[in-house]
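Coordinate-derived values only; no laboratory data. Worth saying up front: this structure is predicted, and the values here are computed from it rather than measured. All Cβ positions, glycine included, derive from the backbone under ideal geometry; neighbour counts span all protein chains shown.
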Number of protein chains: 2
Amino acid sequence: MTDAKNRQFLIAARPKGMVKESDFRYAETAVPEPGEGEFLVHNEIVAVEPALRGQMENRANYAAPLQIGDVMRALGAGTVVKSNNPDFPVGQKVQGLFGFQDYLVSDGKGMIGRIPDGVSGEAALYVFGGTGYTAYYGMAEVGHPKAGDTVLVSGAAGAVGSLAGQIAKILGAAKVVGIAGSDEKCRWLTDELGFDAAINYKTEDVAARVKELFPKGMDVYYDNVGGEILDIALANLAQGARVVLCGGISRYNKEGPIEGPKNYFNLVYARATMTGFIIVDHVHRYREWSQIMGKWIAEGKLKYRVDMIEGFENLPKGLIRLFTGENIGKQLIRIA
Amino acid sequence: MTDAKNRQFLIAARPKGMVKESDFRYAETAVPEPGEGEFLVHNEIVAVEPALRGQMENRANYAAPLQIGDVMRALGAGTVVKSNNPDFPVGQKVQGLFGFQDYLVSDGKGMIGRIPDGVSGEAALYVFGGTGYTAYYGMAEVGHPKAGDTVLVSGAAGAVGSLAGQIAKILGAAKVVGIAGSDEKCRWLTDELGFDAAINYKTEDVAARVKELFPKGMDVYYDNVGGEILDIALANLAQGARVVLCGGISRYNKEGPIEGPKNYFNLVYARATMTGFIIVDHVHRYREWSQIMGKWIAEGKLKYRVDMIEGFENLPKGLIRLFTGENIGKQLIRIA
């Protein structure tokens, strides 16, 4: 421990519109002391995800409410640096809901777990964590592409979408198309990750391209964005299509009334299903999925990319990057 | 055959906004003569359903396109009155896509079938037809309420909704609530059909009543209407809820852009599913379902109500009544 203080970012305001740095307040406290049965964690890498934006407003019902003045919630990976708990000795690598702060004390219960030997903190916060399992479960079990199916993924250069599209290919999809926000992202999808095609929604006519790429409609649409792109997908469903509702990043920063998908009734004409899910419902299956994905990674079939930025002071910026679309792959912030 | 002519209503115009009588054109032709292997059907009762409105515009992809000048499509029940086909002798009761006309010739292939002995034309056009099977399949297999589940049905005094709600009760739902458009309809639902409660959407605050009646949200929402009521239901889903998309009568007569369900993202928070279907995909299961529903009807558990109006000239009016909400139960028109 070289730091004598515990740096924190607290929630200063419920975001209105785009989340911004002034929604957070920097604070410093003393490094806490672990009591009996407790241990001190030094938080080293912080992970951000779009859903945190909604949690700052308590929009979701699946996460404990956050209050103004609370330490901002986020997953982190770190090391036990002081311990009165033999199950979590000094040097143990751990991950959990550590928040936007350097240090925290835990008794080992609740949202904290050991990082297995041989797994990096980055991997624990991404593929072998809720983000990776969201991609796996949403694609493999909700979208469940069959061999020969066609698949569209939005937010495809993001942490979830980039895995979800690859998983569809591994499962035998005949065509996987990603939608992303820059030519660089699109090239990454097709040249590195094996997507069959990519659409730059900032420069291309998405409706025309989707129609052209899916002349018979798509069998699976994995939605990370909502908004117009969801409507375009709904207008291009194959019979029996599955729409996987994973995220709606286009709407998280919207103020005022949000439009619904006006083409929702195509779910009837296409005999289709639109399904939402929350990955934490499936914690009991994480081990199973980590083995499946671990094997694919070892075989070189599944690639993951971390977008690491450095510096504690960049924690709010790390979150904001998700909404400006600056990140490619999983956004992490190294704070130690 | 007392009539020397075949009365018809042809499609005169694609409806704009509310479907109206001037969208149809009355015509008379000669009664057709059956050729070899053919027979002549005298159409006696015509059934109308909201989906026909969309078919007049060729909105749906599951039904053959209709053209201006075509005989208006509709199911009918009648009797073979002349026959060169031993499989369909004179006197045989038949049902099929007979249209808005008195007579038609058939070769017994395509959309025509014998009405079993002991089944009335009314029942064949309702419970033992696509309408009844839509209610059964949509509720029992898509909504699939488990014992103790709570269920909301919109358009509940209509042909499909009134059956769907009763089916939910038969399957063990703890609470079934219907939404309908008059106090008379609401009383029918609760006093005659065993619904636990009914909401008059024309006089009551639907959002407040739904919240009050489903304090923990509903497990199944069977949607016949779309629009605001769908949005209210989406805001009140229990975890793991099933939204059955059967119809969207509130939107069929809308001109211009139609709003989507702005609360669709609650499908994520509720880990819920919204599913559309078209009953004709399941024709191979009609016999199975007719046995299930036939038993319920015989036991007095499932009641059905026919709203019969008289007179060929009232065929267009019969269709229009579905959208003005005048009908209670299944709208039929007796033309002979």
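Observations on the structure shown:
- Residue exposure sequence - B:Asp191, A:Asp307, A:Asp223, A:Asp149 - by fewest surrounding Cβ within 10 Å: B:Asp191, A:Asp307, A:Asp149, A:Asp223
- Cα-based reach from B:Lys262 at 20 Å (exclusive), listing lysines while leaving out same-chain residues under 8 positions away: A:Lys16, A:Lys254, A:Lys262, B:Lys211, B:Lys254
- Computed [θ] at 222 nm, deg cm²/dmol, chain A (DSSP H ≥ 4; -39,500 (n - 2.57); rounded to nearest 500): -6500 deg cm²/dmol
- Only beta bridges with both residues in chain A are counted; by DSSP, about 55 percent of them are antiparallel.
- Three-way shape label, region A:138-277, alpha-carbon gyration tensor, a/c 1.5: rounded
- Radius 11 Å from Cβ of A:Val19, net charge of other residues (Lys, Arg +1; Asp, Glu -1): +3
- Residue of chain A with the smallest Cβ distance to the axis mapping A onto B, distance rounded to whole Å: A:Gly260, 2.
- Evaluated with a Cβ-only charge set (Lys, Arg +1; Asp, Glu -1), region B:253-301 carries a dipole of roughly 180 debye about its Cα centre, given to the nearest 20.
- About the Cα centre, charge dipole magnitude for region B:130-280 (Lys/Arg +1, Asp/Glu -1 at Cβ), debye: 320 debye
- Taking one quarter of the surface of the convex hull spanned by the alpha-carbon atoms of region B:28-69 gives a direction-averaged projected area of 4.7 nm².
- Rounded to the nearest 20, the size of the Cβ-charge dipole of region A:194-336 about its Cα centre is 360 debye, with Lys and Arg at +1 and Asp and Glu at -1.
- Straight-line cross-link partners of B:Lys93 among the lysines, defined as a Cα under 19 Å from its Cα and at least 8 positions apart when in the same chain: B:Lys82, B:Lys109.
- For region A:37-196, the alpha-carbon radius of gyration amounts to 1.22 times the rule-of-thumb value 2.2 N^0.38 Å expected for a compact globular protein.
- Among A:Ile232, B:Tyr201, A:Ala164 - extreme Cα towards positive end, dipole of the protein assembly as shown, charges at beta-carbon: A:Ala164
- Dipole axis of the protein assembly as shown (+1 Lys, Arg; -1 Asp, Glu on Cβ), positive-most option in A:His42, B:Gly99, A:Cys186: A:His42
- Inter-part distance, region A:259-336 to region A:41-92, computed on C-alpha centroids, equals 18 Å.
- Overall form of region A:124-189 per C-alpha gyration tensor (a/c, 1.5; a/b vs b/c): oblate
- With at most 10 other Cβ atoms within 10 Å, longest stretch of chain A clear of loop GluC sites (Glu not before Pro) (DSSP): A:37-254
- Over region B:171-290, relative contact order from alpha-carbon pairs under 8 Å, at least 6 apart, %: 19 percent
- Stokes-Einstein D for chain A, Kirkwood Rh over Cα pairs, 4 °C, 1.567 mPa s (µm²/s): 63 µm²/s
- Its residue count N fixes a reference of 2.2 N^0.38 Å for the protein assembly as shown, and the Cα radius of gyration divided by that reference is 1.13.
- Relative contact order (%) - chain B, alpha-carbon pairs under 8 angstrom, separation at least six: 17 percent
- Among B:Met218, A:Met56, the ranking by other beta carbons within 10 Å of each residue's beta carbon, starting with the fewest, stands as A:Met56, B:Met218.
- Amide H contacts under 5 Å for B:Leu332: B:Asp307, B:Met308, B:Ile309, restricted to partners 5 or more places along the chain or on a different chain, H placed in the peptide plane at 1.01 Å from N.
- Reachable lysines, given that their alpha-carbon falls under 24 Å from the alpha-carbon of A:Lys301 and they are not under 8 places away in the same chain: A:Lys146, A:Lys169, A:Lys175, A:Lys185, A:Lys330
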